[in-house]
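The values are calculated or read from the model by the stated rules, or taken from the named source; none is laboratory data. Everything numeric here is computed off the predicted structure, so don't read it as measured data. Reconstructed Cβ throughout: ideal geometry from the backbone, glycine too, with neighbour counts over all protein chains shown.
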Amino acid sequence: MSNTVQRAPGVAGQQPEPGTTGNVWRYLRQAGLFMAKQREATVFLVVVLLIVYFGLISSAGRPVFFTKPDLVNLSIIAAPIMIIAYGEVLLLICGEIDLSVGFIYAFTPFIMYFLITYYHFPAFLGIIVAILLVGGGIGWVNAFLTVTLGLPSFVATLGTGFIIGGLTLTMGHGEQAPIPPSALGIGDWFGQANGFAQIIWAAILLVVFHILLRQTPWGLHTIAVGGNALGAREAGVNLARIKFGNFMLTGILGGLAGVQTAFQTNLIDTYSGGAAYQPMFYAVAAAVIGGTAMLGGSGTMIGAFLGAAVLAILIDGFAVIGVSAFPLQIFFGGAILIAMIANVQLARLRVQGRVR
Amino acid sequence: MTTDNGDTAAQVPQAADPLAGAPDVLRAEHIGKRFGAVTALRDINLRLARGEVLGLLGDNGAGKSTLLKILCGFQQQDSGRIVLNGQEVTFKSVDHARSLGIDVVYQDLALVNQLSVYHNMFLNREKVRWPLLSNRTMKRLTRQYLDEVGINIPSVESDVAALSGGQRQAIAVARAVHSNAKILLLDEPLAAMGAKEGAIILDLVRDLKARGDVSVVIIAHNYAQVLEICDRVNLIQQGEITFDKRSADTSLAELNEIVVEEYRRALAERHRQLAGGGPAAS
């Protein structure tokens, strides 16, 4: 509009308008094309719109959304979803899924507790061993069931998930445990004192896993295995190694997120009654909202990060604007569906553009 | 140099014996392979000289692809032996065969749609500055390889999903050519190809022939192209090599005659079975 005024100060009304609308239209088209090309851009736009929406709604009444305490809350919700989602992205890309990772998330802090309290491990060692042993070990078992014994990973990890969930309840006698006192100091590194520690972990891991996926042979082979398993094998890619590695990475990320959340909440929870499915479902949803294909072969870490942000903003935002807990999930499900529809349709546009 | 005709081909299926002392890089001797009740290969005797281009012809189901899969280590023969550079070998896997210098190109199955052209070109042979991929080097080399071949691709960074069947095939062949393989097995490299793209593949094979140290086995259906590019032609019929001649010593008419003859014989056989001893069509 300012252009119009400068070019034709006298006749600001009618004649220049076709040119202006043409410009606006062109910018919109370019923005649209950019959105269509960069799948992360779409999700990013959703994140921005959600922030604006909740910001406007909440500032009308009581300005809570996006204040510092709210940001801490957002971070605490988003970070574990993000960290677990990185693993699920790797698995989804190579054509698998891990439904047990939420149970790894719940189980690892208990093993840490046992190692430190009953086996007198030094705190740091106890944490590391628990994450690597439980996360890596269960990841290995998942891969063994899937790759070596040939079960679909959906079923294999469903089974291991139940077993680990049962083990967590049995070993913990169904009760919550405290953080071992000797681990309190070191817990700061895992997000005990600082509400933003976990989201910083998630951001650092985003960089690490983005590079792993995009810039290393490992990432390339992961995409190849999911995109064309036969072709990858003919090129000599070791399918089993890639899948074992990605299952174990996912397990380790689940364990790490679990330990962090335990420190954050100052409590080791058993997540009884299937509550441990929730982090896994959120993580898979984040990956898929971020543009990772359920059929394998494509996905992005940045997308998963943004997808987790979308979920966290929805969870937190609806709470802030005071939507009752009962209908919350209706909005939540609808939001996931809308995000997905946008993604799928834009992906279709992308494919058409590419073929042409 | 007798012309096999329909009557004798059934009884005298033996190919010419491998020449003693010839510098064969690869010899398959008395290869047999069964899949349950089906005998895919009966008694295959095949030799491949250094720098030679061998055309492998035969109907669908004659056993060409099975033979190729055995030669590249994808499957193992039930009987017979494979001699590579004078030494008997047992291929444990495609990887193992590749490490011994045998590379195979399937009909465009080998590319990963979701990866860029240059990542496909270097799949599992990536150029790496540990721990990262050196994408710049791979892009440069890919451009160079494709320019050498004369394949037109808008960008080496585009996904191969966006390419035509012929372009994909050309990339797969170019990849194998640059893998330092000494023996290349091409499974119908000319299938689903435009005229220009087919010419590109044929030129690639000619370049290889000019290098002199790479031997090539081509499975193909187009006899004219086979005669044009190959030094020697083998025909597989019902799991046996029934015909082995230098391209210069045979002709399109002769090859056609043999295959048509086989078809007529099969037809006559079926008539006999149906009618309980009908007349042979000839």
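The table for this structure:
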| read-out | value |
| --- | --- |
| Conditions (1) more than 14 Å from chain B (Cβ to nearest Cβ); (2) at pLDDT below 80; number of the one not met by A:ASN266 | (2) |
| Leading residue by the ranking (farthest from the other protein chains (Cβ to nearest Cβ)) among those in the stretch B:89-128 that are β-branched (Val, Ile, Thr) and closer than 16 Å to A:ALA224 by Cα | B:VAL117 |
| Qualifying residue in the stretch A:32-45 (condition: under 42 Å from the mean Cα position of the chain (by Cα), exposed (fewer than 11 other Cβ atoms within 10 Å of the Cβ) and modelled with pLDDT of 55 or more) | no |
| Single unsatisfied condition, B:ALA170 versus (1) in contact with a helix residue (DSSP H, G or I) (Cβ under 8 Å, 6 or more places away or on another chain); (2) farther than 26 Å from B:LEU115 by Cα; (3) hydrophobic (A, V, I, L, M, F, W, C); (4) free of Cβ contacts under 8 Å to residues at least 40 places away in the same chain | (2) |
| Conditions (1) in contact (Cβ under 8 Å) with a residue 60 or more places away in the chain; (2) under 25 Å from the mean Cα position of the chain (by Cα); number of the one not met by A:LEU133 | (1) |
| A:ALA193 being free of Cβ contacts under 8 Å to residues at least 40 places away in the same chain and either assigned to a helix (DSSP H, G or I) or over 27 Å from the mean Cα position of the chain (by Cα) (or both) | no |
| Cβ pairs under 7 Å, 6+ apart, first in the stretch A:319-330 and farther than 16 Å from A:LEU56 by Cβ, second assigned to a helix (DSSP H, G or I) | A:LEU328/A:PHE318 |
| Residue satisfying all of: in the stretch B:163-178; out of contact with any Leu (no Cβ under 7 Å at 6 or more places or on another chain) and buried (at least 19 other Cβ atoms within 10 Å of the Cβ); nearest to the other protein chains (Cβ to nearest Cβ) among these | B:ARG175 |
| Answer from B:ALA199, B:ALA210 - the residue that is away from chain A (no Cβ under 14 Å), in a helix (DSSP H, G or I) and surrounded by fewer than 14 Cβ atoms within 10 Å (Cβ to Cβ) | B:ALA210 |
| Verdict on B:VAL89 being surrounded by fewer than 23 Cβ atoms within 10 Å (Cβ to Cβ) and either under 30 Å from B:ILE31 (Cα atoms) or β-branched (Val, Ile, Thr) (or both) | yes |
| Filter result for the condition that a residue is within 14 Å of chain A (Cβ to nearest Cβ) and either more than 19 Å from B:GLN238 (Cβ to Cβ) or within 15 Å of the chain's Cα centre (by Cα) (or both), over B:GLY58, B:GLY86, B:GLY63, B:GLY73 | B:GLY73 |
| Filter pass, B:ASN113 being within 19 Å of B:GLN169 (Cβ to Cβ) and surrounded by fewer than 20 Cβ atoms within 10 Å (Cβ to Cβ) | yes |
| Unique match (being under 18 Å from A:LEU74 (Cα atoms), more than 14 Å from every other protein chain (Cβ to nearest Cβ) and out of contact with any Lys or Arg (no Cβ under 9 Å at 6 or more places or on another chain)) among A:ALA308, A:ALA342, A:ALA275 | A:ALA308 |
| Hits in the stretch B:133-162 - residues which are surrounded by fewer than 14 Cβ atoms within 10 Å (Cβ to Cβ), outside any helix (DSSP H, G or I) and within 13 Å of chain A (Cβ to nearest Cβ) | B:PRO154, B:SER155, B:GLU157 |
| Search result, residues across the stretch A:282-327 that are crowded, with 22+ Cβ neighbours inside 10 Å and not in a helix (DSSP H, G or I) | A:GLY290, A:GLY291, A:THR292, A:GLY296, A:GLY297, A:GLY299, A:THR300 |
| Selection from the stretch B:161-189 of residues that are under 13 Å from the mean Cα position of the chain (by Cα), β-branched (Val, Ile, Thr) and farther than 22 Å from A:GLY227 by Cβ | B:ILE183 |
| Helices (runs of 4 or more DSSP H) (entirely within the stretch A:48-150) containing at least 1 residues that are touching a strand residue (DSSP E or B) at 6+ places or on another chain (Cβ under 6 Å) | A:101-117 |
| Conditions (1) out of contact with any helix residue (DSSP H, G or I) (no Cβ under 7 Å at 6 or more places or on another chain); (2) at negative phi; (3) part of a loop (DSSP other than H, G, I, E, B): number failed by A:GLY274 | (2) |
| Filtered residue count, the stretch B:23-68, keeping only those that are more than 19 Å from B:LYS209 (Cβ to Cβ), out of contact with any Leu (no Cβ under 9 Å at 6 or more places or on another chain) and in contact (Cβ under 8 Å) with a residue 60 or more places away in the chain | 6 |
| Single residue of the stretch B:7-41 satisfying the filter (at pLDDT below 90, in contact with a strand residue (DSSP E or B) (Cβ under 9 Å, 6 or more places away or on another chain) and acidic (Asp, Glu)) that is nearest to B:LEU235 (Cα to Cα) | B:ASP17 |
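Here's the yes/no breakdown for (1) within 14 Å of chain B (Cβ to nearest Cβ); (2) more than 30 Å from A:THR117 (Cα to Cα); (3) part of a helix (DSSP H, G or I); (4) without any contact (Cβ under 8 Å) to a residue 40 or more places away in the chain:
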| position | (1), (2), (3), (4) |
| --- | --- |
| A:PHE154 | no, yes, yes, no |
| A:ILE179 | no, no, no, no |
| A:ILE211 | yes, yes, yes, yes |
| A:GLY231 | yes, yes, yes, yes |
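Condition check ((1) at pLDDT 85 or above; (2) under 24 Å from B:THR66 (Cα atoms)) across all residues:
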{"site": "B:MET193", "(1), (2)": "no, yes"}
{"site": "B:ARG211", "(1), (2)": "no, no"}
{"site": "B:VAL214", "(1), (2)": "yes, yes"}
{"site": "B:ILE229", "(1), (2)": "yes, yes"}
{"site": "B:ASN234", "(1), (2)": "yes, yes"}
{"site": "B:SER251", "(1), (2)": "yes, no"}
{"site": "B:ILE258", "(1), (2)": "no, yes"}
{"site": "B:GLU262", "(1), (2)": "no, yes"}
